[in-house]
1. Can you flag which of Lys279/Lys365; Lys227/Lys279; Lys320/Lys365; Lys173/Lys279; Lys142/Lys365; Lys173/Lys240 are past 32 Å Cα-Cα?
2. Going toward the positive end of the dipole of the range 224-319, with +1 on Lys and Arg Cβ and -1 on Asp and Glu Cβ, which of Ala256, Trp307, Asn276 do you reach last?
3. Note the full-extension length gain between Lys54 and Glu338 as 0.36 nm times their separation in residues minus their Cα-Cα distance, in nm to one decimal.
4. What translational diffusion coefficient, in µm²/s and rounded to a whole number, does the Stokes-Einstein relation yield for the range 221-281 at 10 °C and a viscosity of 1.306 mPa s, taking the hydrodynamic radius as the Kirkwood radius over Cα pairs?
5. With a sphere of radius 13 Å drawn around the Cβ of Gly101, what net charge do the other residues whose Cβ falls strictly inside it have (Lys, Arg +1; Asp, Glu -1)?
6. For the chain, what does the helix formula give at 222 nm: sum of -39500 (n - 2.57) over DSSP H segments with n ≥ 4, over the residue count, nearest 500 deg cm²/dmol?
7. Which of the GluC sites (Glu not before Pro) found in the range 106-190 are loop residues per DSSP with 15 or fewer other Cβ atoms within 10 Å of their Cβ?
8. I need to check one value: relative contact order of the range 69-171, counting alpha carbon pairs closer than 8 Å and at least 6 residues apart, in percent.
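The values are calculated or read from the model by the stated rules, or taken from the named source; none is laboratory data. All figures in this text were calculated on a predicted structure; none of them were measured in a lab. When we count neighbours, we look across all protein chains shown, and the Cβ atoms used for this are built from the backbone with ideal geometry, even at glycine. Ligands, DNA and RNA are excluded from the accessible area calculation, which covers all protein heavy atoms including side chains. Shrake-Rupley method; radii C 1.70, N 1.55, O 1.52, S 1.80 Å.
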Amino acid sequence: MNILKGTAAGIALFLAGTAGAQDIELPRQMSWTAYDTGSAGFNQAVAIGGELQKATGTSLRVLPGKNDVSRTQPLRQRRVEFSATGIGGSFMAQEGAFEFGEKNWGPQPLRVLLANFGGDVNLSVGVAADADIETYDDLRGKRVAWIAGAPGLNVNMDAYLAYAGLTWDDVTKVEFGGYGAAWTGLIEGEVDAMFGSTNTGPAYEAAAGPRGLLWPAMDPDDEEAFKRLTDIAPFYTPNKATVGAGIDGTDGVQGATYAYPVLVSMADADPDLVYNMTKAMVELFPQYDGKAPGIGGWNIDNQNFTWVVPYHEGAIAYFKELGVWNDEAQAHNDRLIERQGILQAAWKELEAENPDDWTAAWSQKRREALEAAGFKVVF
């Protein structure tokens, strides 16, 4: 990660506050998609929008989407400028994996502006306190939520089950149509375990509900178990959450995390628009920091410029002005863009071939294309 804490650049940026707001040029109205109403991602987007309105006069409309597909479709259709999405709507969409591997989708040319790499929140599995689940091993035989059209949620549950040496065959899969519906199902006794961020709004509702809520802890010394998790979801890092439902005010819970939300655009988004949106996100941070649980992770200090999805050229232009973008970041970014190109070319070739079993053919085509170009195959 790029660290600015204690540097002159970081201090100057913090002191700037809204001083640079007059230099931020954005449309009078913009739209983002985000997670369901009440989710951590939605709440953060609304908080950011409130400060954006005060500082620049721009009105930000936040459109909740119940799954990765519904959040990404408006972005792909250019009906919204940006999406505050998760790993599914960023990395998996880029990869053409899961629902994004269906014939009407394909690998998406996405770019990152900024992401919440917050260290105080885990992306974890919340369990009903009355379900007798103290460790991940205890998930065996329990009812676990599976969200239709949400590979970014489901592959995470795959990974956490693998952490315990389990698969979906070892639990009872309960299907829901959306993220919020699944949390409601946990509260109402329809399911026992649900993946999410520790600071998501529905988790706080669940913690206050009749069943209560717990977050099973991970063993930081069990490297073999954590490797099983990252073999499926390589974007995770160990983390101790101190923010979240049932966690606030405690010593925290050992677990794992990744960037969420991730603010993305299509690759062909206007560089000037992306530059100014990125600038607003960074320079207005002192104003929106603390306005929603976990929002502090958007800090420029936390950014990881060698992540799994490339940054947009407009965002990079701003990072260069700040002096936080270097040759290593550029080389990594170029390689990620090359990866996207390989995937998109493979998709076009498969479209021309028009195989009968699209899913199987794409899985093989994707793997062969990545391996031939020297890229790691994930999913």
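1. Working: Lys279/Lys365 39 Å; Lys227/Lys279 37 Å; Lys320/Lys365 37 Å; Lys173/Lys279 43 Å; Lys142/Lys365 36 Å; Lys173/Lys240 28 Å.
Cα-Cα > 32 Å for Lys279/Lys365; Lys227/Lys279; Lys320/Lys365; Lys173/Lys279; Lys142/Lys365; rest within.
2. Of the listed residues, the answer is Ala256.
3. Working: separation 284, 0.36 × 284 = 102.24 nm, distance 3.93 nm.
The span from Lys54 to Glu338 would gain 98.3 nm if fully extended.
4. On the way: Rh = 14.8 Å.
It comes out at roughly 107 µm²/s.
5. Values: positive: Lys103, Lys365, Arg366, Arg367; negative: Asp68, Glu95, Glu99, Glu102, Glu351, Asp357.
Taking every Cβ under 13 Å from that of Gly101, the sum is -2.
6. Working: 12 runs with 144 residues, N = 379.
The per-residue figure over the chain is -12000 deg cm²/dmol.
7. Glu134, Glu188, Glu190
8. Details: 82 pairs, mean separation 24.8, N = 103.
Rounded, it is 24 percent for the range 69-171.
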